[in-house]
Amino acid sequence: MNIFNKVALQGLKKNRTRTLVTIIGVVLSAAMITAVTTFGVSLMNYMTNGAIIKYGDWHVQFLDVDSSFVQEQRVNDEVANTATFENIGYATLEGNRNPDKPYLFIAGFSKEAFDTLPITLISGRLPENSREILVSSKVATDGGVKFAVGDTISLDVGKRMSENEKLGQSEVFVPQDKKTYTVVGICRKPVFEESSAPGYTLITKEDKQVKTDSLSLFVTLKNPHQIRSYTSSTKDHASIFNDNVLRFIGVSDNNLFNMFLYSVGGIVLAIIMLGSIFLIYNSFNMSLNERTHQFGILSSVGATAKQLRNSVLFEGICIGAIGIPIGVAIGIVSIGLVISVIAKNFANILYVNVPLTLTLSIPAIIVAAVVSMVTILISAYIPARKAANTPVMECIR
């Protein structure tokens, strides 16, 4: 340790009251910054969990793939979970009054699909075998055809074709098989059904004895931030992102939402930093006013302005090393208490079944500590620069 740092430490020990006041200011600053970053992380985690409950726990959907592609994704190191349903086929909706949706689309859910994709029942229950079916309420409200729990329906199931090629959208329907189902429930429109889809979705359970090579695959990645590189490696297959979940993870293409989110966080942190700088600056300024004579003597024996500034910055680092850990701990505890008080209000406003809980993030805590240290160094540098540039004789006088 050089002589300048030793002098700085002696000054801290000599003026214990002022040192304690400065540390308290640093603790308050670090606590507020930590509280803001931790609350931001907790809120985003709450919104993510709410979106998963509402839209499903998946990141990307592949629309029409075969079983070999599904197996490849299941053993992919980037993939955490997969769920599939069989694209059993389409059937003409007799009596339909919506020309834009003339069909029924039948999906055979696997167990993983029932767990991954949210289904909101209006009445009845979920299908337990491949002869039972769940009907979307949109069939009645939008298509004008009503089904009731207990009804038996017979459908000519097939594919929509054009020039002997199976298409996602087409005008020609080719029936291939006749299937009979018992309606066991009515549900809200499934979240995976696109508004442009030509058919209302009906959900049954997959028939493991009948193999199909037309599947819809839902993939959850271990690291959602790798979703762009992952989908680029599977670009031969049509895919849809679950943007309702991804935007709260921070990997959405919604630039307006991202800009709003980071702008609000940046403005709040800037306000806290500005107030903290004024508070801590006054403490360092008073300290340097008392040490001006000492700086003059050091300058007279050859100390450079850089060495004097570094001495004050070292003093700030020492204070930060004590105050920041305490402030971070207080910030986490205090925001935890605040979250426990306001959690019920969030349940009434947004998601009833999703609790707002304290979420700790190591990167967020590191950011809070770094921002706090930058605040201290700025607060110390301003008066240190002024004192270091003061003429020697004026300092001594």
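The values are calculated or read from the model by the stated rules, or taken from the named source; none is laboratory data. The structure presented is a predicted model; accordingly, all values stated were derived computationally and were not measured. Virtual Cβ from ideal backbone geometry, glycine too; neighbours counted across all protein chains shown. Only protein heavy atoms, including side chains, enter the accessible area calculation; ligands, DNA and RNA are left aside. Shrake-Rupley method; radii C 1.70, N 1.55, O 1.52, S 1.80 Å.
Before moving on, here are some points about what is shown:
- Qualifying residue in the range 369-376 (condition: assigned to a helix (DSSP H, G or I), open to solvent by less than 80 Å² (accessible area, probe 1.4 Å), at pLDDT 70 or above and of a type in the set (S, T, Y)): yes
- The range 322-337, subset of a type in the set (A, V, I, L, M, F, W, C) and open to solvent by less than 70 Å² (accessible area, probe 1.4 Å), residue nearest to V26 (Cα to Cα): I324
- Scan of the range 71-97 for residues that are touching a strand residue (DSSP E or B) at 6+ places or on another chain (Cβ under 9 Å) and either farther than 25 Å from R131 by Cα or of a type in the set (K, R) (or both), ordered by number: Q73, R74, N76, E78, V79, A80, N81
- Filtered by the rule that a residue be among the basic types (K, R) and over 14 Å from the mean Cα position of the chain (by Cα), the range 223-254 gives R228, K235.
- Evaluated against (1) touching a residue at least 12 places away in the same chain (Cβ under 8 Å); (2) more than 28 Å from V268 (Cβ to Cβ); (3) out of contact with any strand residue (DSSP E or B) (no Cβ under 8 Å at 6 or more places or on another chain), A51 falls short on exactly one condition, (2).
- Scanning the range 351-368 for residues that are in contact (Cβ under 8 Å) with a residue 12 or more places away in the chain, farther than 26 Å from N282 by Cα and part of a helix (DSSP H, G or I) yields A364, I365.
- Selection within the range 172-196 - in a strand (DSSP E or B) and among the charged types (D, E, K, R): D177, K178, K179
- Residue ranges of strands (runs of 3 or more DSSP E) in the range 38-127 with at least 3 members out of contact with any Gly (no Cβ under 7 Å at 6 or more places or on another chain): 60-65, 79-92, 103-109
- The sole residue among V145, V135, V157, V139 that is hydrophobic (A, V, I, L, M, F, W, C), part of a loop (DSSP other than H, G, I, E, B), closer than 23 Å to E194 by Cβ and open to solvent by less than 60 Å² (accessible area, probe 1.4 Å) is V145.
- Matching option when the condition is open to solvent by 70 Å² or more (accessible area, probe 1.4 Å), among the β-branched types (V, I, T), part of a helix (DSSP H, G or I) and at pLDDT below 70, among I317, I271, I267, I297: I297
- Yes/no for L202 being of a type in the set (A, V, I, L, M) and out of contact with any strand residue (DSSP E or B) (no Cβ under 9 Å at 6 or more places or on another chain): no
- Number of the condition not met by F278 [criteria: (1) surrounded by 18 or more Cβ atoms within 10 Å (Cβ to Cβ); (2) farther than 26 Å from W58 by Cα]: (1)
- Residue in the range 335-350 that is outside any helix (DSSP H, G or I) and within 30 Å of the chain's Cα centre (by Cα) present: yes
- Residues of the range 50-85 that turn out to be polar (S, T, N, Q), open to solvent by 60 Å² or more (accessible area, probe 1.4 Å) and under 12 Å from T116 (Cα atoms), as a count: 1
- Residues (closer than 16 Å to T204 by Cβ and surrounded by 16 or more Cβ atoms within 10 Å (Cβ to Cβ)) located in the range 104-125: L104, F105, I106, A107, G108, F109, S110, A113, F114, L117, I119, G124
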